[in-house]
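The values are calculated or read from the model by the stated rules, or taken from the named source; none is laboratory data. The structure displayed is predicted, hence computed values, not measured ones. Please note: Cβ atoms are built from the backbone with ideal geometry, for glycine as well, and neighbour counts cover all protein chains shown. Please note that ligands, DNA and RNA were not included when accessible areas were found on the heavy atoms of the full protein model with its side chains. Shrake-Rupley method; radii C 1.70, N 1.55, O 1.52, S 1.80 Å.
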Number of protein chains: 2
Amino acid sequence: MHSAVPFSMAHRLGTTIVTVTDATGRPLPHTEVVVTQTRHAFGFGNIGFDFLGLANGEPDAIGTEGLAELYTDVFNTATLPFYWGRFEPERGAPDTARMQRTARWFRERGIALKGHPLVWHTVQPDWLLDLPADEIERLQRERIRRDVADFDGLIDTWDAINEVVIMPVFANGDNGITRLAHARGRIHMIRMAFEEARAVNPRARFLLNDFDLSSAYECLIEGVLEAGIQIDAIGLQTHMHQGYWGEDVMLAMVDRFARYGLPLQLTETSLVSGHLMPADIVDLNDYRIPEWPSTPEGEARQAEELERHYRSLVSHPAVESITYWGISDAGAWLGAPIGLVRADGTPKPSYHALRSLVKDEWWLKPTTVVTDEDGRIPVTGFRGDYELRAGAASVPFAIGAAELQIRIVHPAGDR
Amino acid sequence: MHSAVPFSMAHRLGTTIVTVTDATGRPLPHTEVVVTQTRHAFGFGNIGFDFLGLANGEPDAIGTEGLAELYTDVFNTATLPFYWGRFEPERGAPDTARMQRTARWFRERGIALKGHPLVWHTVQPDWLLDLPADEIERLQRERIRRDVADFDGLIDTWDAINEVVIMPVFANGDNGITRLAHARGRIHMIRMAFEEARAVNPRARFLLNDFDLSSAYECLIEGVLEAGIQIDAIGLQTHMHQGYWGEDVMLAMVDRFARYGLPLQLTETSLVSGHLMPADIVDLNDYRIPEWPSTPEGEARQAEELERHYRSLVSHPAVESITYWGISDAGAWLGAPIGLVRADGTPKPSYHALRSLVKDEWWLKPTTVVTDEDGRIPVTGFRGDYELRAGAASVPFAIGAAELQIRIVHPAGDR
């Protein structure tokens with residue numbers, strides 16, 4: 001059932017020509033060294049919501065050391081939850097310190113971070129509800145600046161604003177942000193989010209993110225670009241509780257958004273390993289059932305679809321990251337079996353399928369190579385971070401889009 | 001089955017206080033005069049496509065004198081077809097003279113005109129198809145300027161650009177405009193249309209027009225407003241071949257677009273007097289059947305729905321016009337029985353229902369009134385043009401939003 005399309009990964013690869021020298025700069029021919037990949041440049045992300053407990057030394061039945069090992073073995077980027085209503089349920093008492101410890105926990109494990117989201121109409125604090133629009137806007141602006149500043153150096157990517165297409169007309173629950181968006185307009189909201197966030201941390205990258213991938217989002221993006229608002233990447237949600245869309249539909253959608261010349265992030269991806277949600281549900285949040293089990297057939301299907309999904313999207317030059325929406329079925333969004341790990345902590349076939357791509361097929365494991373007459377070794381692989389080991393010492397290097405030529409001093413000196 | 005909602009028409013009414021004087025300016029008390037309405041300020045429109053033949057002295061089986069009488073008795077605005085591929089099938093030979101005669105024919109009958117549309121991706125000339133994008137844009141700009149200039153003084157309202165939401169991703173037939181829109185973006189296309197048109201005729205009014213009334217159109221409008229492009233009114237298409245939407249859905253939709261503070265025109269309205277098109281048809285153009293008859297039950301339903309449709313929309317303060325999409329079933333779009341007149345030229349109940357609103361319930365027929373002690377008569381009615389007759393002479397006056405006080409010299413002089 002794998003796609004017959006031979007997806008090319010050529011644009012993901014790069015070559016760095018390493019010249020190994022002695023301490024005086026003399027090339028060392030016929031010298032054995034070991035090269036190995038240490039990190040992907042492509043963002044293989046997942047949500048990190050399950051590890052706040054572990055990172056803060058709190059007992060946590062889901063986010064165990066075992067789950068953390070599975071997570072950190074595959075993913076290099078974690079999305080952290082900044083839902084305003086949960087992050088600051090009591091006005092003036094945000095969960096900053098706990099989230100900072102979580103962010104540090106991830107960074108210590110080599111995992112980059114993304115904050116999600118700075119502005120959204122859902123999961124809003126109750127205390128915002130009855131305030132006048134001007135006051136809501138003032139508080140929203142303050143919250144953006146505060147949180148971006150508090151996580152400067154820890155979080156370098158943010159969903160600046162989430163689901164703006166529906167924001168001013170959202171009808172599933174009263175909230176202050178929809179009222180503000182209805183009064184001020186969508187582009188005003190976007191400008192507010194990006195300007196405040198960028199003012200505080202001009203080094204970070206900020207995204208628009210949406211689940212509405214119709215022409216509405218295109219129209220919104222075109223308006224934002226015309227308004228001169230700088231967005232660093234376009235976020236595309238692809239929750240597939242109602243079934244995998246297939247490579248053709250997915251890539252045609254990606255093509256529509258790629259034409260703006262901005263990097264694309266597949267920010268929220270999910271595939272169920274149980275029965276599918278009925279197709280007639282419009283808002284996924286409306287489907288609530290007491291139990292949604294993962295099944296052997298569903299797990300086989302999820303693994304196969306996950307592999308097709310990653311192969312096809314990684315093949316698209318505009319895509320710079322794919323974030324899966326959950327590691328474990330325990331506590332998963334909507335109670336759906338979208339995890340790559342079962343509620344009992346054992347990995348599903350989908351976990352193995354993804355790991356096999358990320359850390360095997362698309363990965364350079366430690367490989368012994370020998371320099372040529374001129375002390376050179378060309379290293380070709382998926383773009384990212386690498387390491388050259390000679391004896392007990394090691395030197396990092398990178399493989400990027402352009403061919404690099406670097407010189408590395410053999411730590412053992414002369415042969 | 002009529003709606004229980006008591007729609008208010010208060011905002012459609014106005015009062016003009018007429019003081020009748022003699023030639024020396026002395027008020028004439030207790031003087032009998034006749035006041036009558038001559039035109040609605042509200043735009044009761046229809047397409048004028050059927051009358052090109054009649055206006056040009058060509059034999060025409062559909063656009064007869066009889067049909068023209070029915071048309072001009074109810075409608076005060078006509079939309080004329082400027083589909084580029086039909087208007088200029090041979091490059092350099094546009095149908096200008098014939099369309100100018102048609103425009104004059106309508107103007108002579110007191111009917112204002114709207115041109116539809118200056119830019120659209122459908123019904124494009126074949127000779128545009130193989131040209132490079134720059135050349136298409138140059139020709140499109142020239143065509144806008146040429147046609148707006150050629151109809152200056154005849155057509156004072158234009159759909160500057162049609163269906164932009166779908167324009168760059170339209171997949172139902174290759175055409176040069178979609179290619180241009182895909183390359184340049186939606187807002188570029190809109191700016192092009194409005195700037196060229198307005199440069200040639202700054203006195204005319206120019207609209208965006210779309211059938212996509214989802215959030216996509218909202219997003220597009222917000223982008224256009226942010227980009228500083230001046231649009232004079234928002235056009236909303238409501239072809240209802242799949243069934244009348246009902247007052248609630250219609251007014252909720254109108255409310256969403258009313259919040260931009262611009263006048264709204266219901267530019268394309270249709271209701272069938274036969275069976276409904278199946279609900280699963282997405283592009284109405286895809287439903288093609290050999291015959292789509294008008295039925296007695298369908299005609300009764302159409303009349304009832306048409307009345308509800310007009311009552312509810314005229315009650316909304318933001319709506320400034322409703323254009324129905326066809327007078328006769330003969331030659332109607334998609335072969336659907338959407339006409340107000342049957343193919344045999346006899347009016348349907350819907351025609352009578354609409355005429356009854358426009359020329360009876362919402363109309364001041366010739367009414368004899370007597371001036372008060374001070375020679376005054378307050379005339380209250382639907383906003384529009386009126387006439388005061390005294391004896392054989394008549395004087396025009398207007399009823400508008402603000403209360404007017406005017407003095408009219410009795411043409412008979414002293415009593």
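Residue check: B:W127 meets all listed conditions (1) part of a helix (DSSP H, G or I); (2) aromatic (F, W, Y); (3) open to solvent by less than 30 Å² (accessible area, probe 1.4 Å) but one, namely (3).
Only a single criterion out of (1) more than 27 Å from A:D147 (Cα to Cα); (2) in the same structural domain as A:S315 (by TED's automatic domain parsing) is not satisfied by A:V33, namely (2). Scan the range A:281-291 and give yes if some residue there is closer than 17 Å to A:M250 by Cβ and either modelled with pLDDT under 95 or crowded, with 19+ Cβ neighbours inside 10 Å (or both), otherwise no. No, that holds for no residue. The criterion of being away from every other protein chain (no Cβ under 14 Å), assigned to a helix (DSSP H, G or I) and either within 26 Å of the chain's Cα centre (by Cα) or in contact (Cβ under 8 Å) with a residue 40 or more places away in the chain (or both) holds for A:D147.
Within the range A:268-310, the set of residues being out of contact with any helix residue (DSSP H, G or I) (no Cβ under 7 Å at 6 or more places or on another chain) and among the basic types (K, R) comprises A:R288, A:R301. Every condition in (1) surrounded by 19 or more Cβ atoms within 10 Å (Cβ to Cβ); (2) of a type in the set (A, V, I, L, M); (3) not in a helix (DSSP H, G or I) holds for A:M99 except the one numbered (3). The set of residues in the range A:302-338 being open to solvent by less than 10 Å² (accessible area, probe 1.4 Å), within 20 Å of A:A68 (Cβ to Cβ) and not in a strand (DSSP E or B) consists of A:G326, A:I327, A:I338.
Scanning the range B:174-183 for residues that are at the interface with another protein chain (Cβ under 10 Å from one of its Cβ atoms) and either touching a residue at least 40 places away in the same chain (Cβ under 8 Å) or of a type in the set (S, T, Y) (or both) yields a single hit, B:A183.
Please work out if B:G85 is modelled with pLDDT of 95 or more, of a type outside the set (F, W, Y) and closer than 26 Å to B:A353 by Cα.
When the stated conditions are applied, B:G85 does not pass them.
Does A:Q242 satisfy being touching a Pro at 6+ places or on another chain (Cβ under 8 Å), among the polar types (S, T, N, Q) and either at pLDDT below 95 or in a loop (DSSP other than H, G, I, E, B) (or both)? So A:Q242 passes the test. Taken over the range A:339-353, the criterion of being of a type in the set (A, V, I, L, M), under 25 Å from A:L284 (Cα atoms) and open to solvent by less than 50 Å² (accessible area, probe 1.4 Å) is satisfied by A:L340, A:V341. Every test in (1) open to solvent by 70 Å² or more (accessible area, probe 1.4 Å); (2) in contact with a strand residue (DSSP E or B) (Cβ under 7 Å, 6 or more places away or on another chain) is passed by B:E361 save one, and that test is (2). Cβ separations smaller than 7 Å between residues 6+ apart or across chains give the following pairs from the range A:245-257 residues that are in contact (Cβ under 8 Å) with a residue 24 or more places away in the chain to residues that are open to solvent by 10 Å² or more (accessible area, probe 1.4 Å): A:E247/A:S3; A:E247/A:V5; A:E247/A:R308; A:L251/A:H316; A:M253/A:L213; A:V254/A:H316; A:V254/A:A318; A:R256/B:V169. Here B:L220 fits the description: closer than 22 Å to A:A258 by Cα, at pLDDT 95 or above and out of contact with any His (no Cβ under 8 Å at 6 or more places or on another chain). Pairs are defined by a Cβ separation below 6 Å, a sequence spacing of at least 6 or placement on different chains, a first member in the range A:187-203 that is within 14 Å of chain B (Cβ to nearest Cβ), and a second member that is open to solvent by 60 Å² or more (accessible area, probe 1.4 Å); the pairs so defined are A:I187/B:E226. Scanning the range A:71-99 for residues that are among the hydrophobic types (A, V, I, L, M, F, W, C) and touching a Pro at 6+ places or on another chain (Cβ under 9 Å) yields A:F82, A:W84, A:F87, A:M99.
Here A:A171 fulfils each of the conditions (1) within 12 Å of chain B (Cβ to nearest Cβ); (2) touching a helix residue (DSSP H, G or I) at 6+ places or on another chain (Cβ under 8 Å) apart from (2).
Residue-wise test of (1) of a type in the set (A, V, I, L, M, F, W, C); (2) more than 13 Å from the chain's Cα centre (by Cα); (3) over 23 Å from B:D147 (Cα atoms); (4) at pLDDT 95 or above.
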{"site": "B:Q37", "(1), (2), (3), (4)": "no, yes, yes, yes"}
{"site": "B:H40", "(1), (2), (3), (4)": "no, no, yes, yes"}
{"site": "B:F44", "(1), (2), (3), (4)": "yes, no, yes, yes"}
{"site": "B:T64", "(1), (2), (3), (4)": "no, yes, yes, yes"}
{"site": "B:L80", "(1), (2), (3), (4)": "yes, no, no, yes"}
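Give the residues of the range A:151-180 that are small (G, A, S) and more than 27 Å from the chain's Cα centre (by Cα), sorted by residue number. The answer is A:A171, A:G173, A:G176.
B:M250: in contact with a Phe, Trp or Tyr (Cβ under 9 Å, 6 or more places away or on another chain), more than 14 Å from chain A (Cβ to nearest Cβ) and not small (G, A, S), yes or no? Spelling it out, B:M250 is indeed in contact with a Phe, Trp or Tyr (Cβ under 9 Å, 6 or more places away or on another chain), more than 14 Å from chain A (Cβ to nearest Cβ) and not small (G, A, S).
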